[in-house]
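Have a look at the structure below, then the notes.
The values are calculated or read from the model by the stated rules, or taken from the named source; none is laboratory data. Since this is a predicted model, take the numbers as computed values, not measurements. Quick reminder, even Gly has a Cβ in these numbers, built from the backbone with ideal geometry, and neighbours come from all protein chains shown. SASA here: full protein model, heavy atoms, side chains in, ligands and nucleic acids out. Shrake-Rupley method; radii C 1.70, N 1.55, O 1.52, S 1.80 Å.
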Amino acid sequence: MNIHEYQAKELLATFGVPVPAGFAAMSVDAAVEAASKLPGPLYVVKAQIHAGGRGKGKFKELGPDAKGGVRLAKTPEEVRAAATDMLGNTLVTIQTGEHGKQVNRLYVTDGVDIDREFYLALLVNRATGRIGMVVSTEGGVDIETVAHDTPEKIHTIDIDPATGFMPHHGRSVAAALCLSGDLAKQAAATASKLYDAFLGTDAAQIEINPLAVTKDGKLLVLDAKVGFDSNAMFRHKELLALRDETEEDPAELEASKYDLAYIKLDGDIGCMVNGAGLAMATMDIIKLNGMFPANFLDVGGGASKEKVTAAFKIILADPNVKGILVNIFGGIMKCDIIADGIVAAAKEVNLSVPLVVRLEGTNVEAGKAILANSGLAIVPANDLGDAARKIVAEVKAVA
């Protein structure tokens, strides 16, 4: 689960992380009022969407010469003009895709006189099983570009969970940022507080870009991107209140209501599989046979008939789907329950695209009998390779 920048900063501030003053605004008047609460004379008006690259983005409605989603303002009138441009319009960035995202919220912050910009992120290092701090002196730019062009400027500091954040970790962060004296102490303290925030919120990622040194020698978090482990949200009911469902893909949002692991992709063959590994293999073999998957969808190991029906509807709601491949290996999951769900959903939505089903495992014969006697044009498959060949052939035949 991701949250907006203003929410991230407010949350990090509760852990003592230094952030500039700022206020969220849902209207133009609220943005002007927010500026009046700040000391000025410089304000920053920032579009709030769940995507990076806002400053370099463009608004669809304003033309190619319009400014992006992060703007400086020197007067309340300039704040009003920026807010008017942004609110309700569609911001397209390198991370949103061509469709962009509508801006419904703004963040008005106090301007900062920047001396230097750094990058600092915390995430789980899958290779070591530890929380890793990724640090670079190259802040304020795309970290992917830095990693590609100058990887030697990126440093990773792993933290042993048995010891937690120690003084030497703070010194390592300061050294990686080439800081000394009081700034080194500030960097170590900020890194320690970010580590506390990461653990305390069950975060999956905390990205600070930039972490800035001001002309008066202060270290401040100027932008923050925070995402949480969705599986841990039962421990953080207060964080669930920060969720902005308008920022989420409608199909993925619907899938989350049924505890389905669903990710929309750009292909044309819908997939319904039980088990993440089997889902990945199914997607791969579809591509191997010359077409592309329209989604990743794992119904889990113990799905009910209702859950399977919901999954089927979500797949069919994608207008790009030209065929569906169901690949189920029944262990805990029973094939007859899957078959009941497939039949119920197909009848309810008036299935109009080819459907290939491969069932194997618990109650497989009962499941196959349900499909065969359903009266629907369901194509059975014997194995995964057979299923992929058949769905590709079926889709091409009706193209």
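Across segment 1-31, what is the number of residues that are part of a strand (DSSP E or B) and in contact with a Leu (Cβ under 8 Å, 6 or more places away or on another chain)? Spell out the reasoning first.
Residues of segment 1-31 that are part of a strand (DSSP E or B), as a first pass: 2, 22-25.
Now restrict to residues that are in contact with a Leu (Cβ under 8 Å, 6 or more places away or on another chain): 22-25.
Here the count works out to 4.
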Count of residues meeting criterion [hydrophobic (A, V, I, L, M, F, W, C) and in contact with a Gly (Cβ under 7 Å, 6 or more places away or on another chain)] in segment 125-153: 0
Output for Cβ contacts, cut-off 6 Å, separation at least six or different chains, first residue over 16 Å from residue 233 (Cα atoms) and free of Cβ contacts under 8 Å to residues at least 24 places away in the same chain in segment 248-259, second open to solvent by less than 90 Å² (accessible area, probe 1.4 Å) and of a type outside the set (Asp, Glu), reads 249/264; 252/262
From 193, 185, residue being surrounded by fewer than 16 Cβ atoms within 10 Å (Cβ to Cβ), of a type outside the set (Gly, Ala, Ser) and not in a loop (DSSP other than H, G, I, E, B): 185
Scanning segment 201-249 residue by residue, those assigned to a helix (DSSP H, G or I) and at pLDDT 95 or above turn out to be none
Segment 345-393: number of residues that are closer than 21 Å to residue 307 by Cβ and in a strand (DSSP E or B): 8
Scan (1) touching a residue at least 12 places away in the same chain (Cβ under 8 Å); (2) surrounded by fewer than 24 Cβ atoms within 10 Å (Cβ to Cβ) for the single condition residue 352 breaks and write down its number. (1)
State all residues of segment 123-148 that are more than 16 Å from residue 176 (Cα to Cα) and in contact with a helix residue (DSSP H, G or I) (Cβ under 8 Å, 6 or more places away or on another chain); if no residue qualifies, say none. 131
So, in segment 6-30, of the ones that are of a type in the set (Val, Ile, Thr) and within 19 Å of residue 112 (Cα to Cα), which residue ends up surrounded by the fewest Cβ atoms within 10 Å (Cβ to Cβ)? 19
Among the residues in segment 391-398, are any open to solvent by less than 30 Å² (accessible area, probe 1.4 Å), in contact with a helix residue (DSSP H, G or I) (Cβ under 8 Å, 6 or more places away or on another chain) and free of Cβ contacts under 8 Å to residues at least 40 places away in the same chain? no
Helices (runs of 4 or more DSSP H) wholly inside segment 250-340 that include at least 2 residues being buried (at least 22 other Cβ atoms within 10 Å of the Cβ): 276-288, 305-316
Among the numbered conditions (1) in contact (Cβ under 8 Å) with a residue 60 or more places away in the chain; (2) open to solvent by less than 20 Å² (accessible area, probe 1.4 Å); (3) over 17 Å from residue 271 (Cβ atoms); (4) of a type in the set (Gly, Ala, Ser), tell me where residue 387 comes up short. (3)
Which of the residues belonging to segment 41-53 are in contact with a helix residue (DSSP H, G or I) (Cβ under 9 Å, 6 or more places away or on another chain) and open to solvent by less than 30 Å² (accessible area, probe 1.4 Å)? 43, 45, 46, 47, 48, 49, 51
